[in-house]
Structure formats: structure tokens, C-alpha cells
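Accompanying notes for the structure given below.
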Amino acid sequence: MSLSGKVAIITGGSRGIGKSTAKIFAAEGASVVITAKNSERLQSSARELGVTGFAGDIRKGTDVETVVRKTLDKFGRLDILVNNAGIFPEVSPLHETSEEKWNEVIDINLTGQFRFAKAALPHMMKNGGGIVNVSSDAGLKSFENFEADAYSASKAALIHLTRTWAVEYARYKIRVNCVCPGIVETDMTEPFLRTEADRAMAISEHPIGRIGLPEDVAHAILYFVSERSSWITGAILPVDGGISTK
Ligand SMILES: NC(=O)c1ccc[n+]([C@@H]2O[C@H](COP(=O)([O-])OP(=O)(O)OC[C@H]3O[C@@H](n4cnc5c(N)ncnc54)[C@H](OP(=O)(O)O)[C@@H]3O)[C@@H](O)[C@H]2O)c1
């Protein structure tokens with residue numbers, strides 16, 4: 001699944017799923033740019049992986065444009081965008097959720113993906129390319145006591161935007177696909193996996209009998225940006241040990 005000659009931006013590439021994706025893309029020969037808010041952590045990951053790090057806050061349009069411009073300045077083209085950055089909010093029932101908290105999640109998990117796609121697309125339209133949106137099982141179905149409505153809404157919207165962008169940009173030879181992870185072991189889920197009982201409960205939710213690893217998702221992302229999936233666009237793929245089938 002060689003990505004030789006391709007230039008990729010991976011948002012949220014400093015940690016977790018994004019970092020694992022950057023590692024795998026680099027091993028496949030891509031020129032990889034990772035971006036995230038915390039510059040120190042980003043540069044440390046970039047050094048470790050031998051990729052480029054351009055810091056920026058996805059909530060700021062000017063930061064997003066700067067990351068894309070710096071990528072173009074350094075590599076001269078852009079072929080791949082992985083819309084992966086995201087946050088999981090402090091959980092609360094909807095009737096106890098402040099509008100401020102709601103807006104913060106939508107700003108990062110949904111409007112942030114709009115900002116990156118908007119900045120990247122004009123450059124990708126020149127040569128064609130691939131976008132992968134990282135949604136969640138929470139965007140596919142409802143889970144009892146999940147209590148993260150803005151998160152679920154942002155992820156459901158990303159699923160629908162995948163289909164919308166796939167249809168709109170196919171004429172430019174840009175394919176747009178989406179992965180929906182179940183519970184993956186990263187900083188985001190660490191607070192929910194601290195005790196043996198929590199972990200056992202999380203494992204038992206997944207028919208395959210284990211929690212996901214970042215590379216489980218990264219390999220699916222790699223498939224969607226490689227030529228092996230050249231006839232696939234608008235696909236929504238659960239990568240979740242079977243949890244969404246229940
Ligand atoms: N882990 C799971 O179980 C799971 C399940 C389903 C879906 N997902 C989705 O998968 C994606 C990656 O999740 P993960 O578990 O790998 O998360 P993670 O380990 O918490 O990493 C999140 C990444 O997003 C970046 N980010 C957060 N806020 C940002 C902002 N304002 N501007 C720029 N970058 C920002 C972080 O950068 P900083 O280091 O600068 O904060 C970090 O690189 C997310 O979209 C998440 O919703 C995860």
C-alpha cells in the first residue's frame with residue numbers, strides 16, 4: 001500500500017490514533033505533516049517518528065490555513081488529509097450541559113474538520129487525493145448512559161459530511177471515507193479504563209473480545225488513502241471489534 005510521493009496532513013497527529021497513523025504513513029513512504037495544539041508534545045512526536053510537525057489550534061481558521069500553507073511551502077503539494085483531531089468532553093446529561101461546553105466540542109470535532117477540509121481541498125483538487133474523517137461508533141448509534149451528546153452529534157455530522165464531500169469532490173478525483181472506532185486505548189479513553197473492572201466492562205462490550213489499539217484504526221485509514229481502495233468513496237467503516245453490530 002505504498003504512499004511514495006504522497007504528502008499527507010494528519011490532524012491530532014501528536015498522540016493516539018493520529019500518531020500511529022503518521023508512523024504507518026511514513027513507513028509507507030509518504031511525506032507526513034502532523035499537527036496539534038500543544039507544540040512541545042507535537043515536536044517531540046515529530047522527532048520520534050521522523051516526520052514534520054506544524055503546530056496550530058484547530059479552533060482558529062488562521063492557524064489551520066498556516067499549517068496548510070507551510071505544508072505546501074515545504075513539500076509543494078498535498079494529497080491526503082486525515083481529519084482526526086478531537087476531544088471527548090466531561091460527560092453530563094444533556095439537560096445539565098452548558099452551551100459553552102456544547103460549543104467547544106462542536107468547534108473542535110466538527111467545525112475544525114470543516115476548517116481543515118476547506119483549506120486543503122483547493123490544493124488537493126489539482127492532483128486528486130484522499131480524505132479520511134475519523135468519526136466514532138457514537139456517531140453511528142446511541143449508547144445507554146453515554147452522556148456526551150455534543151460528541152455524538154459532531155461524529156454523526158462527520159459521517160454525513162463524508163458522504164456529502166464524497167459526492168461533491170469525486171469530479172476532482174478526491175475520495176472521502178470515514179472510520180468509526182469503538183473503544184481504543186489512548187489518552188482519550190484512559191480515564192475510563194483505570195480500574196480492572198472498567199477495563200473488563202469495556203472489553204466485554206466488544207464481540208471480538210478486546211479493546212482497540214491505535215494501529216487497528218491506522219491500518220484502516222491507510223487502506224482508504226491507498227490505491228487499493230481506488231473504487232471506494234463515501235464509505236463509513238466501523239473499526240470496533242464488532243461493537244456497532246450489537
Ligand atoms: N480513543 C477512542 O476510543 C476513540 C473512539 C472513537 C473515536 N475516536 C476519535 O479518534 C480521534 C483521535 O482520538 P485519540 O483517542 O487518538 O485522541 P487523543 O489521544 O486524545 O489525541 C487527540 C489529538 O487531537 C489533538 N487536538 C485536540 N484538541 C485540539 C485543538 N484544539 N487543536 C488542534 N489539535 C487538537 C490533540 O493535540 P494536543 O496534544 O495538542 O492536545 C491530539 O493530538 C478523535 O477524533 C476521537 O474522537 C477515538
So what are the ³J(HN,Hα) numbers for segment 134-147, from phi and the Karplus equation (6.51, -1.76, 1.60; θ = phi - 60°), rounded to whole Hz, Gly and Pro as x? 9, 9, 6, 4, 5, x, 9, 8, 9, 10, 4, 6, 6, 6
Given a cut-off of under 8 Å on Cα pairs at least six residues apart, what relative contact order in percent is computed for segment 21-87? 25 percent
Computed FRET value (nearest 0.05) for residue 111 with residue 204, which takes r as the C-beta separation and R₀ as 35 Å: 0.50
Could you derive backbone 3J(HN,Hα) for segment 224-238 from the dihedral phi with the Karplus parameters 6.51, -1.76 and 1.60 (θ = phi - 60°), listing whole Hz in sequence and x where the residue is Gly or Pro? 5, 9, 8, 5, 4, 10, 5, 9, 10, 8, x, 7, 10, 10, x
Please list 79-92, 154-167 highest first by mean number of surrounding beta-carbon atoms within 10 Å per residue. 79-92, 154-167
Within segment 47-205, how many Lys pairs that are eight or more residues apart, or on different chains, come under 21 Å at the alpha-carbon? 14
So how tilted is helix 196-205 from the main axis of the chain? Cα-based, degrees 0 to 90, rounded to 10. 70 degrees
Segment 118-246: proportion of alpha-carbon pairs further apart than 24 angstrom, %: 33 percent
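Per Stokes-Einstein, at 20 °C and 1.002 mPa s, what whole-number D in µm² s⁻¹ belongs to the chain, with the Kirkwood radius over Cα pairs as the hydrodynamic radius? Mind showing how you got there, number by number?
On the way: Rh = 18.0 Å.
In µm²/s, the coefficient is 119.
Could you please report the charge total around residue 215, scoring K, R as +1 and D, E as -1 over all other residues with beta-carbon less than 11 angstrom from its beta-carbon? Present the calculation step by step, with values, prior to reporting the outcome.
Numbers: positive: 19, 23; negative: 185, 216.
It works out to a net charge of 0.
Counting other Cβ atoms within 10 Å of each Cβ, which chymotrypsin sites (Phe, Trp or Tyr not before Pro) in segment 193-235 have at most 15 and sit in a DSSP loop? Mind dumping the intermediate values first?
Working: sites: 223, 224, 231; in loops: 231.
Sparse-neighbourhood loop chymotrypsin sites (Phe, Trp or Tyr not before Pro): 231.
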Express in Å², to the nearest 10, the accessible area of residue 137 obtained by rolling a 1.4 Å probe over the protein heavy atoms while all chains stay in place. 0 Å²
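The values are calculated or read from the model by the stated rules, or taken from the named source; none is laboratory data. This structure is a prediction, so every number in the text was calculated from the model and none was measured. Neighbour counts run over all protein chains shown; Cβ positions are idealised from the backbone, glycine included. Just the protein is used for accessible areas: all its heavy atoms, side chains included, with ligands, DNA and RNA removed. Shrake-Rupley method; radii C 1.70, N 1.55, O 1.52, S 1.80 Å.
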